[in-house]
Each structure stands twice: as C-alpha cells, then as structure tokens.
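Data block below; observations after.
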Amino acid sequence: YFQQFNNLYDPPRQKLWTMLLLSLLLPPNLDFICSTNLLTTFNFNRILQCSLNVLQEKATLTPYSVGYDSEEETLTLHVGNHEFLNNALSAKDPCYATDFRAFYLDAMRTFQNTVDAAHFQNLLQSVDKQLLSNLDLAVTVK
C-alpha cells in the first residue's frame, strides 16, 4: 500500500489512498492488521506522514474540467451537460464529499479507543516528534 502511495502525485488520489490507509486502523480491519504484524512503527509513521501530506495540501480538490474552444460551435452545446454530470458525480465521490480532517480525527480517535493503551503509547513514542507537532498544527488549522 505504501509503495503505491509514493507514486501518486494527484491530490484526489492521495486523499483517497490515505483514507484507505486510515480505514485499515478501524475495527473491522484492525484485528487482521494486528494479528499479521502489519502495524509496525514504520507503517504507522507512514500512515501519519501520508495524512499530513493530505492535510497540508493547499489546493482545494475540484473535479476535473474540460476546456472548450469558444469557436467550436458543436461543443458549446454540451458544456452544460458536462458540468451537470461532473457536479452530480463529484457529489458522490468520497474524494470530494468527505472532509479529510474530520475523517482523520475520527479514525485516530477510534483507533486509540480500540487498541490497547500501552500499544498506542508505544506507537506514538516511536513517531517523529516533528511529525506529531506538524499533524497537531495541521489538524487545528482549518
């Protein structure tokens, strides 16, 4: 999963991929993750780093748009249909419909409440302090 994320430069895909990684920390998947030792300190660091990247993304996520040349009469008739479909479909897409900050906070709160407190503290102590402070700053700034 983490190797896939390194090749993503598109903000919507990064957001969706990070949401997938955070969902691995939630209860239906957590038993499998813990039993197979996939949740190492290295992987936890990577999940937090991916989350920070998405939280710090400056550009707002907007659906892709298609440019039309004003001189092409045949295409100008379809601009309204394209915008309607683009807006209707993007309203259903989790990349555009989900507030990542709220998703991240909910996932981390659920993870903290589900996993053993000592295990959670060990994971947090292994995380780079600068990463944690950057995450706290990114979460508090809205």
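Looking at region 21-52 only, could you name the residues that are open to solvent by 60 Å² or more (accessible area, probe 1.4 Å) and at pLDDT 85 or above?
Gln49
Just checking, does region 78-97 include any residue being at pLDDT 70 or above, surrounded by 13 or more Cβ atoms within 10 Å (Cβ to Cβ), more than 17 Å from Leu16 (Cα to Cα) and among the hydroxyl-bearing types (Ser, Thr, Tyr)?
No.
The values are calculated or read from the model by the stated rules, or taken from the named source; none is laboratory data. Everything numeric in this text was worked out from a predicted model, so none of it was measured. Ideal geometry is used to build each Cβ from the backbone, glycine not excepted, and the neighbour counts take in all protein chains shown. Protein only, heavy atoms only, side chains kept; ligands, DNA and RNA dropped before computing areas. Shrake-Rupley method; radii C 1.70, N 1.55, O 1.52, S 1.80 Å.
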